[in-house]
Amino acid sequence: MRELLRLPVGERIALSSYDASATPGGPAGKAAGLAAAAAHGPALADLQERLYAASTAGERRRMLLVLQGMDTSGKGGTVKHVIGQFNPSGCRIRAFKAPTPEERGHPFLWRITKALPEPGEIGIFDRSHYEDVLIARVRELAPRAELERRYAEIDAFEKSLTEDGVTIVKVFLHLSYEEQRSRLLERLDNPEKHWKFNPGDITERAVWPEYQEAYEIALERCSTDAAPWHLVPADRKWYRNWAVSTLLLEHLEELDPQYPKADFDVAECRRQLLTQ
């Protein structure tokens, strides 16, 4: 799945050429997809525990899942259904909102650096440092020259993270314009979901083409061999969850973390306990 969903490095990206309702490499239907995603749970939990255990012996490896996508694309749902299969004590979840006054007084990567996972942890960014080249471009919050510098800073930042033992899994949840309307209407039609609706989402839909272009540029400029982007069609929630859990599983399996060997005399400790 990593290769199937991975966007090409160094090539132009046209989001219109990707079907947001497609299910590349996925199970045959919703029921099979839900079952397959649930079946990943034990393996994900085991690998997470091994990753954390290895850090107690000095390993610095950790993982960072970066989720980006338009409103209602399912970033929160992915956290709930996929990350929910991990032990929460080993996860560091951060949803990046508009910068605070303190954060605006620092370079844009300052608040990102503070939220990075520690060795042995799995970090999840619900939105991320990419907001500073997406919203900033669409809303013209920064000069184009500054945006160009930010793309380069992001690439250098992510490269430095991978060199320090961070496995970065970047996922763009690709949602269609029509499906977003359906999900927003669902929130309006259900009083229990009114808290999730923001009237500003309607304003953002008015600049949908501009956001698509901003994403295309960011995906093109910041997809590298060290930290490639993966495009996950997000119109079908079951497929989105299965695909992201599969990507995490494949990356963790490649890391293949191992439990550390005891640095004490196991037999002697056992003897002492039995004689007490």
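The values are calculated or read from the model by the stated rules, or taken from the named source; none is laboratory data. Just so we're clear, the structure is a prediction, and the values are computed from it rather than from any experiment. In this analysis, Cβ positions are derived from the backbone assuming ideal geometry, glycine residues included, and neighbour counts consider all displayed protein chains. Protein only, heavy atoms only, side chains kept; ligands, DNA and RNA dropped before computing areas. Shrake-Rupley method; radii C 1.70, N 1.55, O 1.52, S 1.80 Å.
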statement: Most fluctuating of Ser223, Ser245, Ser16 in the GNM of the chain (C-alpha, under 10 Å) is Ser16
query: Over its Cα atoms, what ratio of radius of gyration to 2.2 N^0.38 Å does region 119-276 give?
result: 1.48
- line: The ³J(HN,Hα) series, computed from each phi in region 61-78 with the Karplus coefficients 6.51, -1.76 and 1.60 at θ = phi - 60°, rounded to the nearest Hz and given as x for glycine or proline, is 5, 7, 10, 10, 9, 9, 10, 10, x, 5, 3, 6, 6, x, 4, x, x, 5
- request: Just need log10 I(q)/I(0) for the chain at q = 0.11, 0.16 Å⁻¹, Debye formula, equal scatterers on the alpha-carbon atoms, no solvent, rounded to two decimals.
  value: -0.66, -1.36
query: Rounded, prolate or oblate: which fits region 41-97 when a ≥ b ≥ c are the square roots of the eigenvalues of the alpha-carbon gyration tensor, with rounded for a/c under 1.5 and prolate only if a/b beats b/c?
result: prolate
- line: Rounded to whole Å², per residue accessible area for the chain with a 1.4 Å probe reads 50
task: Find the centroid of the Cα atoms in region 84-120 and in region 204-276, then give the distance between the two in whole Å.
output: 16
field: Net charge over other residues, Cβ less than 15 angstrom from the Cβ of Glu49 (K, R count +1; D, E count -1)
entry: -2
- request: Enumerate the amide H contacts of Arg92 below 5 Å, restricted to partners 5 or more residues apart or on another chain; note that Pro and chain-start residues carry no placed amide H.
  value: Ile122, Gly123, Ile124
task: Springs between alpha-carbon atoms under 10 Å, Gaussian network over the chain: tell me which of Ala38, Ala206, Ala262 tops the mean-square fluctuations.
output: Ala262
message: Using each residue's phi in region 163-180, evaluate 6.51 cos²θ - 1.76 cosθ + 1.60 at θ = phi - 60° and report the 3J(HN,Hα) Karplus result to the nearest Hz, with x for Gly and Pro.
response: 6, 9, x, 9, 8, 9, 10, 9, 10, 9, 8, 8, 10, 8, 4, 5, 5, 4
field: Formal net charge of residues neighbouring Lys193 (Cβ-Cβ distance under 10 Å; K, R +1; D, E -1)
entry: 0
query: What span do the alpha-carbon atoms of region 5-140 cover on each of the three principal axes, reported in whole Å from largest to smallest?
result: 45, 44, 28
statement: Number of Lys pairs in the chain closer than 15 Å at Cα, excluding neighbours under 8 places apart unless interchain, is 10
query: Taking Rh as the Kirkwood radius, which is the inverse of the mean 1/r over Cα pairs, what is the Rg/Rh value for region 106-178?
result: 0.99
query: Cα gyration tensor of region 67-159, axes a ≥ b ≥ c as square roots of the eigenvalues: rounded (a/c below 1.5), prolate (a/b > b/c) or oblate?
result: prolate
task: Tell me which residues come under 5 Å, amide H to amide H, from His174 once H is placed; ignore anything under 5 positions away on its chain.
output: Val232, Ala234
Most to least accessible of Ser176, Ser182 (protein chains only, probe 1.4 Å): Ser182, Ser176
message: Residue by residue through region 244-261, what is 3J(HN,Hα) from phi via Karplus (6.51 cos²θ - 1.76 cosθ + 1.60, θ = phi - 60°)? Round to whole Hz and write x for glycine and proline.
response: 5, 5, 5, 4, 4, 4, 5, 5, 5, 5, 5, 5, 6, x, 10, 5, x, 6
task: Could you tell me whether region 184-245 comes out rounded, prolate or oblate from its Cα gyration tensor? Rule is a ≥ b ≥ c as square roots of the eigenvalues, rounded for a/c under 1.5, then prolate if a/b exceeds b/c, otherwise oblate.
output: oblate
- prompt: In the P(r) worked out for region 235-276, what percent of Cα pairs fall beyond 14 Å?
  reply: 69
task: Could you state how much accessible area Leu134 has, in square angstrom rounded to the nearest 10, with a 1.4 Å probe and all protein chains kept in place?
output: 0
